[in-house]
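Just so you know, all these numbers are worked out from the coordinates, no wet-lab data involved. Keep in mind the model is a prediction, meaning the values are calculated, not measured. In this analysis, Cβ positions are derived from the backbone assuming ideal geometry, glycine residues included, and neighbour counts consider all displayed protein chains.
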Amino acid sequence: MKRITAIALLAIANFAVAGTSFAQSRTVQAKVPFDFTVGNKLLPSGTYTIEEESPWFIVIKNHDKPVERVSVVQQDGKKAATGGKLVFHKYGSQYFLSEVLSDRANMNVQVPVSKTEKRVKLQEAMIAPSSDTFIAAR
C-alpha cells in the first residue's frame, strides 16, 4: 500500500512540475529602456514579463510599476533568433511594440498596428523615415 501511495505521489509531483515548466516556457522577460506604446496605451520603461495567455492574447506586466496590458496578437511565421527579442517600430521619438520573438518560450507573435501607430507613422513620414528597434529578451 505504501508503494502505491509513493508511486501516486510521484506521478502527481511529475504532473505538477510539467505544468509549471510549461507555464514558465511561455514567458519572455526583457528590460525596455524607453517608453513604448501597445495598442493605444503608453507603457513606461522598465522590466517587463510578456506571457502568452492563448494563441491570440498576450499579457504584458511591468515589474517596477503596477502596469499591465493585454494585447491581441497574431501568430508570426518567423523563426526567432537564439534567445529572443522584442521588435519595436520607431517613429520620431515614439516606440510601438511590433513583435515578440523567442525560441525558448516558443512565442513568435506579431502585435497588430494600432490606430495610434498609423496616425503617428503618417505624421512622421513627412519628417523622417521610420526604423525598427530590437531589445534582447530572455
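When Glu124, Glu117 are arranged by Cβ crowding within 10 Å, least crowded first, meaning fewest neighbours, the order is Glu124, Glu117. For Ser98, Ser114, the sequence from fewest to most other C-beta atoms within 10 Å is Ser114, Ser98. Proximity of backbone amide H atoms, modeled 1.01 Å from N, is registered between Tyr95 and Thr37 at under 5 Å, excluding neighbours fewer than 5 places apart on the same chain.
Computed extension gain for Trp56 through Val113, at 0.36 nm per residue and net of the alpha carbon distance, reaches 19.0 nm. Residue exposure proxy: Tyr91, Tyr48, ordered by other Cβ atoms within 10 angstrom of their Cβ from fewest to most, comes out as Tyr91, Tyr48.
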